[in-house]
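Beneath this line is the structure, given in structure tokens, with notes to follow.
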Amino acid sequence: MHTVSSVKEMQVLVQKIRAQDKRIALVPTMGFLHPGHLSLMREGRRRGGVLVASIFVNPTQFGAGEDFEAYPRDMERDQKVAHAAGVDVIFAPPAAEMYPSGYQTYVTVERVTQGLCGISRPDHFKGVTTVVCKLFNIVTPHVAIFGEKDFQQLVAIRQMVADLNLPIEIVGMPIYREEDGLAMSSRNKYLTPPERRAALCISTSLKRAKALFDSGEREGKKISREVKNSIEAEPMSRIDYIKICNASDLKDIDQITQRAVLAVAVNIGKARLIDNIILDPSVESAG
Ligand code: AMP
């Protein structure tokens with residue numbers, strides 16, 4: 001495995017790979033790798049060809065006053081972990097390589113980025129779709145793998161790929177959780193032990209919502225209220241949003257008659273945590 005930090009070098013490398021008729025899979029990340037990232041890499045590995053993982057803490061997706069500087073970084077450890085996961089190439093450019101002075105072009109996906117996280121983080125998705133589009137142009141993957149943990153991001157990227165006719169298959173992978181249910185995230189590092197315990201209210205509330213849904217409840221408001229009460233019972237939590245939307249286009253819904261996503265964002269201590277669960281009336285509940 002080797003690490004490439006220059007755009008030019010990456011472009012020369014992918015030209016060579018493509019000349020050998022090999023497929024390229026890309027897993028974009030901001031590093032500080034955890035088992036959630038590794039599940040994406042395993043899927044990339046399973047699909048064969050050359051597996052590229054990008055590690056880039058993208059400044060344009062952080063708003064003023066957000067945690068860009070504080071975001072956890074550990075390149076040395078990431079290189080070992082990625083190598084063990086079967087990554088062939090790490091693309092880890094410095095910010096000036098991706099955004100040289102004079103940079104002024106952005107990719108904006110409109111409607112699906114406006115609700116949910118788009119309300120409290122108005123420029124976030126513009127930064128995400130811009131950097132992902134740039135990564136797609138540089139790495140030219142056949143397939144790119146993303147987590148459903150960032151559900152709105154995945155919907156926005158699918159929309160961008162469709163709208164801009166990018167010849168890339170987008171694969172979404174299920175949320176990888178800690179044993180007790182907390183969705184894995186690099187930002188979990190911000191949590192003190194009491195906050196870590198408090199954060200469990202998020203996944204617990206989603207499990208309750210799922211149980212309610214599985215028992216036949218289809219009214220979004222009732223399910224959201226259950227989630228709200230359950231999270232608010234934890235004094236350290238500050239809810240940003242609780243929302244039930246159509247899972248494919250993120251349009252608001254009242255009655256759950258089609259595959260829906262229940263998405264939440266909750267602040268605990270310094271961490272803003274997001275999580276979600278799929279509520280799909282066409283799937284029989286296991287219980
Ligand atoms: P990040 O480094 O947080 O930007 O995440 C990089 C990719 O990993 C994104 O596609 C995320 O959705 C995905 N990801 C992050 N956490 C998880 C998780 N717990 N389970 C599955 N995918 C995840």
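The values are calculated or read from the model by the stated rules, or taken from the named source; none is laboratory data. Just so it is clear, the model here is predicted, and its values are computed rather than measured. Backbone-built Cβ (ideal geometry, glycine too); neighbour counts: all protein chains shown. Areas reflect the complete protein model, heavy atoms only, side chains present, ligands, DNA and RNA absent. Shrake-Rupley method; radii C 1.70, N 1.55, O 1.52, S 1.80 Å.
Computed from Cα atoms, the angle from the helix 151-163 axis to the main principal axis of the chain rounds to 50 degrees.
Give me Rg over Rh for segment 12-107, both radii from the alpha carbons and Rh done the Kirkwood way, two decimal places.
When Rh is taken as the Kirkwood radius, the ratio is 1.00.
Please give the FRET efficiency for Arg23 paired with Asp163, using the beta carbon to beta carbon distance and R0 = 30 Å, rounded to the nearest 0.05. Between Arg23 and Asp163 the formula returns 0.80. When both bridge partners sit in the chain, DSSP labels roughly 50% of those beta bridges antiparallel. Available extension along the chain between Asp67 and Val283 is 73.9 nm, counting 0.36 nm per residue and deducting the alpha carbon span.
The residues of the chain expose, per residue, 48 Å² of accessible area to a 1.4 Å probe.
Just to verify a number: FRET efficiency for Ala95 and Ser120, C-beta to C-beta distance, R0 = 30 Å, to 0.05?
On the way: r = 24 Å, r/R0 = 0.79.
That pair, Ala95 with Ser120, gives E of 0.80.
For segment 83-213, the equivalent ellipsoid derived from the alpha-carbon gyration tensor has semi-axes of 29, 19, 17 Å in decreasing order. Each label was represented as a point 7 Å from its Cα along the Cα-to-Cβ direction; for Arg225 and Arg46 these points are 4.0 nm apart. What percentage of the solvent-accessible surface of the chain, computed with a 1.4 Å probe over protein heavy atoms, is contributed by carbon and sulfur atoms? Summing carbon and sulfur atoms, their accessible area is 50 percent of the total for the chain. Roughly how tilted is helix 75-84, in degrees to the nearest 10 and between 0 and 90, from the longest Cα axis of the chain? The answer is roughly 90 degrees. Would you mind checking the tilt of helix 124-139 against the longest principal axis of the Cα atoms of the chain, expressed as 0 to 90 degrees and rounded to 10? The angle comes out at about 30 degrees.
When the Cα gyration tensor is reduced to axis lengths a ≥ b ≥ c, the ratio a/c is 1.5 or higher for the chain, and with a/b above b/c it is classed as prolate. Applying 1/(1 + (r/R0)^6) with r as the Cβ-Cβ distance of Glu110 and Arg218 and R0 = 30 angstrom yields a FRET efficiency of 0.55.
Ranking Gly48, Gln11, Leu38 by how far each Cα lies toward the positive end of the dipole of segment 6-48 (charges on Cβ) leaves Gly48 at the top. Counting 0.36 nm for each residue step from Gln11 to Ser248 and taking away their Cα separation leaves a gain of 82.0 nm.
Estimated purely from DSSP H runs of n ≥ 4, each contributing -39500 (n - 2.57), the mean residue ellipticity at 222 nm for the chain is -11500 deg cm²/dmol once divided by its residues.
Sites listed here are GluC sites (Glu not before Pro) in segment 165-201 whose DSSP assignment is loop and whose Cβ has at most 10 other Cβ atoms within 10 Å: Glu179.
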